[in-house]
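Visitor: Structure provided below as structure tokens; questions to follow.
Taken together, the values in this text are just the output of simple stated rules run on the coordinates, not laboratory data. What you see is a predicted model, and the numbers here were worked out from it, not measured in a lab. Glycine also receives a Cβ, built like all others from the backbone with ideal geometry; neighbour counts cover every protein chain displayed.
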């Protein structure tokens, strides 16, 4: 009886069925502009927004000056600030007025030179320059403080030179900043952003595709055909992978041409590691998709588990080393962490093999875990 | 009249709170975000991995090294013996910084009374590099002053004395955590209101409401109440946590804070309702909320200062209610600001709230179908 | 090739339950059944009987908790993929990709069934010509009409010639013309390719066309027999009653309360009576009704269905209580009567006026120039297939959608711009019984009563009235999402009646509801109309047109005909068909129209 009914071709992996799903999915992508928008418009918009909106480089910081007795010494000190790109000095007549301006957030800090400034300078030295900064934004305050510190040192040595008494500083620092000598924050933020944005896009692209079939009722019809689960999932993955990689290439091109980020590594390495990363993100999305049955929940979950952790825990902006240990462990679960390390290095440092290889290994591991979970969680039946 | 609006608001609450999943969404993510942001989102550095390459070996150089190693900011991960060890350490991020003391370090000091110290830093993350350089510079300046004093030599003609207001130890947590109050009271009420009409449209109940004697304006009002109330409750929980758990000083008056919070919620809810009246499906509502939220958070000064943005982008931030509320929250928490100090923040938010609510009402009437 | 008598499906002691948050539902309860090959087997039963679950189980989508199920001789648990390569399955929501074209949908299913490319052309040609879709291969499936979608869904299920075709309610929401075409395709496949068909249906007249019928109820099989056997039990139990002294609705209400009457239904111009016991060579007698003419009639299949379900008492079931309810509701609606007898005084007013109303969406005309008037106390029907424009028209009447052109007036107001007080006079029940699914019955009723401004004692009374009248008290604190469909409909109805409206708008109130719940619904509606409430109702069930005083039939946004059901039917009386049903009338109307259009095009 069984022999009588069975046909031989149904049990093996069938390229034709795979092709059928791939073609169907591609046509749907082409007809529905939303996934194309997610893959190409969203990264451009987000990259522009973040690239220009997120900057830690302080420039033209308004600083107030209170000089009680102006003379050549104070004059030369203030002119240092005037010639710096970092500051916009403003003069105040009294400390009280300056403090008022600081409170009103019109200036960020106050430099005060007392009336005995020059006298003390000439006699005992150690003449105090008082700096008061608004510490609310601690990072900004620190960076400003650093800038003022270096201006002060520069001023000291210039004054000494003018007066013909070379300054004797026991130890001076020669700083060598590798990879990003101008310390432009955009150079590291933009590549990191690519990782963050592609996590979101990769997850969003696939998160909704299975849920959409459930919602529209097409899943039931597909499940009753002889299609195998692996064919179905692979058929969904391939078109979105191509789409996602397209978005990735676009983002890299923008980083290079639009934001002038130097690219020192090899493109092949970046491409290969992006492939792994994209697979991990699509896997994450597909996993979300298989455990939720509505597009709405899938969309919400994918934003929640991809975007926020990638933003905060990937080390793209906040230093992982400085986080508490528990949170450092958590970062191992964030795929973007690995890709941030790879992409920042390939852009700024070149092919650093130990970084590339370890992080790629983690990405391979993560994608394998996701695909194993997907196969485990989805059955060809309705619960 | 008012009775019917209340009935609608009550129903909204019941619909939100009865569902276990949506209750979880109200409580879980905010708390998780508060903890993660509170602990992870910090620019403060500690345990900066640093490698020492001391070719000199004199008393002076050893004293300098012990100064660096003794600082809580640095952690010596390796003592280097060879030049070619430097590059891999930095490349692979095992060390952020290499302190390189050349062999003529003490010699130079003896002849010139001044020697050079080379600091090599990984600039891939420029902010970290900048901060690490600042730390090392501060250590050296202190070292210099001490050294001059012990040697009985002349101090530099002028010294820089730094004080910081409002946040004396410059803890970035004091900056970030109050910001979370604004962030979370933005996200949840916005999503609740942005989805509220679309959810009814999808379920078909919206038509059912429209045929009741409730006017569109009343419906809008009834729908905005839950967002504001939930925002206030959530805000209260978060404020309590910031003070009791994170020990952030709250110097100003609670009244000012809540006044600002209420205005902020009104403008948030207004924007949420605008999204709501435009979207037909919940998915569109969610997308709309997301598309508003991301720029609103990025361009608010939450993590990075608005002053660093290009001019054009800075102008754009004026229509972002979160920009104003962040200043209010931080002002009240850290600076102890009063109503009068914050007038310049209150009125733009009120304006945004009024405009968005009016626009929402208008769009609502014109997109009733 | 197996002989026709061979069992193509064999179930032995199959049980299957679903876990819900609170309880578990026994969807299939120890079922054993055999389905013969080479014929059409119909699966019928009220909503929630387990029909869909059974079909999903047979196609390998669900696994039974216990028992053995064999399809085509293969075990569904062990060999689902093998079975799936030999069956065609069309789920309730046809499973088409709306953003793919007709051709692309068929290609997809051909690929999934591994059909070699060279064999496709001939198969496509056959299916396309059978479904008359050859001109539309390049059209997106989403742009097809409801009937066409169903035909495409069927074609997709047939791309790979199946041994067994499983169809889950293939004709729901489909207009009569398309329904007829679907049946033609199925019959043709049966004859030419010797397939077997298992189909579930909500239309009992369709069950009559099956070779074998399985009646399910509460996860069990009540009976399996040929339709003739079903009907035979009803021999001498069905009669047609007619009285010149009473209106149809009145007569129906009276008769259904009489002892010995199992069911009374409006059937064209008469009342179709089903008696509890057979009356041989005589007609039942009812003393107190004047001028009553009763004659015996041929039993419908539906009679057997109703009789079987009504005589299967099951506490808490919506179905068994229709009779007692009818009595109860007539008492409790006395207060309603008082209020509305006042309204009846000036019956001749037109309370709803629609004049040349047009609705455009872009360059698509959903409604083009419809006019009609509805008088106080009338039941007015809007009939038409899906996509005919009746919902658009309906929404304009309720003020939910502005008209692009023309005039819409309800009680002298345009509801879109009318004040709140004008809206307080209307009640509205949306399609799909739109209620707050995660609120309880109590919370839903509280909200709607408050929204209509009821409070205090009055509110309490009305909620109590709703609970009594619609017997919702048992489910008072149940989430409305967890209610059986019939109860959802009752709750939606109750919510629409909280404020005792003068005009009631009902949008597809019986769609998806089983025949028993439909009867119960019309019972209440009739009563409301008797008490003077004006009712505007849309439906795609043609037989329900008989409940209306007057109706308009729409197709493609235009009016096909307006009038009383009697007038419309009599218009198409012919020698071959002396007593046309509403469905015949509809088909005739559509065909005349198509003819006209053809003439214009030529």
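Visitor: Order these by the 10 Å Cβ neighbour count, fewest first: C:413, C:272.
Guide: With the sparsest Cβ surroundings first, the list reads C:413, C:272.
Visitor: Moving on to the next point. Evaluated at 4 °C with a viscosity of 1.567 mPa s, what Stokes-Einstein diffusion coefficient in µm²/s does chain B have when Rh comes from the Kirkwood expression over alpha-carbon pairs?
Guide: D, rounded to a whole number, is 53 µm²/s.
Visitor: Counting other beta carbons within 10 Å of each residue's own, what order do A:257, B:165, B:174 fall into, fewest first?
Guide: Ordered from fewest to most neighbouring Cβ atoms within 10 Å, A:257, B:165, B:174 come out as A:257, B:165, B:174.
Visitor: Moving on. Using Cα-Cα distances under 8 Å and only pairs 6 or more residues apart, what relative contact order does chain B have, in percent?
Guide: Reported as a whole number, the value is 18 percent.
Visitor: Taking the protein assembly as shown as the region of interest, what is the percent of Cα-Cα pairs per 20 angstrom bin, listed from the shortest bin to the one with the maximum distance?
Guide: Histogram of Cα-Cα distances, whole percents per bin: 9, 30, 30, 18, 10, 3, 0.
Visitor: From Cα pairs below 8 angstrom and at least 6 apart in sequence, can you work out the relative contact order of segment C:233-312, rounded to a whole percent?
Guide: Computed value for segment C:233-312: 41 percent relative contact order.
Visitor: Ok, one more. Three principal axis extents, largest first, for the C-alpha atoms of segment C:26-66, in Å?
Guide: That works out to 30, 23, 18 Å along the principal axes.
Visitor: Mind running the shape call on segment A:232-370? Use the C-alpha gyration tensor, a ≥ b ≥ c as the square roots of the eigenvalues: rounded below 1.5 for a/c, prolate if a/b tops b/c, oblate otherwise.
Guide: oblate
Visitor: For segment C:171-231, take the alpha-carbon Rg, divide it by the Kirkwood Rh, and send me Rg/Rh.
Guide: The Rg/Rh ratio comes out at 0.99.
Visitor: Hey, another quick one. Over all residues in B:116-122, what is the mean tally of Cβ atoms on other chains that come within 10 Å of each residue's Cβ?
Guide: For peptide B:116-122, the averaged partner shielding equals 5.
Visitor: If every alpha-carbon in segment A:72-209 counts as one equal scatterer, what log10 I(q)/I(0) does Debye give at q = 0.10, 0.16, 0.18 1/Å?
Guide: Values, matching the q order: -0.52, -1.01, -1.18.
Visitor: What is the Cα radius of gyration of chain A over 2.2 N^0.38 Å, N being its residue count?
Guide: Chain A yields a ratio of 1.39.
Visitor: Another question, then. When the convex hull of the Cα atoms of chain C is projected onto a plane and the area is averaged over all directions, what value comes out in nm²?
Guide: Average projection, Cα convex hull of chain C: 29.4 nm².
Visitor: Follow-up. Need the C-alpha centroid separation for segment C:50-64 versus segment A:92-133, integer Å.
Guide: Comparing the Cα centres of segment C:50-64 and segment A:92-133, I get a distance of 83 Å.
Visitor: Let me ask something else. Report, as an integer, the average count of C-beta atoms from other chains found within 10 Å of each Cβ along B:192-199.
Guide: 1
Visitor: With a cut-off of 8 Å between alpha carbons and a minimum separation of six or more residues, what is the relative contact order of segment B:281-369 in percent?
Guide: That works out to 21 percent.
Visitor: Using the Kirkwood formula over every pair of different C-alpha atoms, what hydrodynamic radius in Å results for segment C:72-165?
Guide: Across segment C:72-165, the inverse of the average 1/r is 13.7 Å.
Visitor: Quick one: Kirkwood hydrodynamic radius for segment C:7-230, alpha-carbon pairs, angstrom, one decimal?
Guide: The Cα-based Kirkwood calculation yields 17.9 Å.
Visitor: Rank by packing, highest mean first: peptides C:39-47, B:242-250, with packing defined as the count of other Cβ atoms within 10 Å averaged across residues.
Guide: C:39-47, B:242-250
Visitor: I'm a student and want to see the number: the projected area of the Cα convex hull of segment B:1-141, averaged over all directions, in nm².
Guide: Over every viewing direction, the Cα hull of segment B:1-141 projects on average to 14.2 nm².
Visitor: Among B:309-315, C:137-143, what's the highest-first ranking by average C-beta atoms within 10 angstrom per residue?
Guide: With the highest mean Cβ count within 10 Å placed first, the list reads C:137-143, B:309-315.
Visitor: Counting pairs of Cα atoms in segment C:41-97, how many percent are more than 20 Å apart?
Guide: Of all Cα-Cα distances in segment C:41-97, 29 percent exceed 20 Å.
Visitor: If you rank C:410, A:45 by fewest surrounding Cβ atoms within 10 Å, what's the result?
Guide: Result, fewest neighbours first: A:45, C:410.
Visitor: In the calculated pair distance distribution of segment A:220-295, what percentage of Cα-Cα distances lie above 22 Å?
Guide: Distances greater than 22 Å cover 40 percent of the Cα pairs.
Visitor: On to the next question. Consider just the alpha-carbon atoms of segment B:271-312 and return their Rg together with their Dmax, both in angstrom.
Guide: Rg, Dmax (Cα atoms, Å): 13.2, 38.
Visitor: If you count, for every residue in C:77-87, the Cβ atoms of partner chains within 10 Å of its Cβ, what is the mean?
Guide: Across C:77-87, the average partner-chain Cβ count within 10 Å equals 5.
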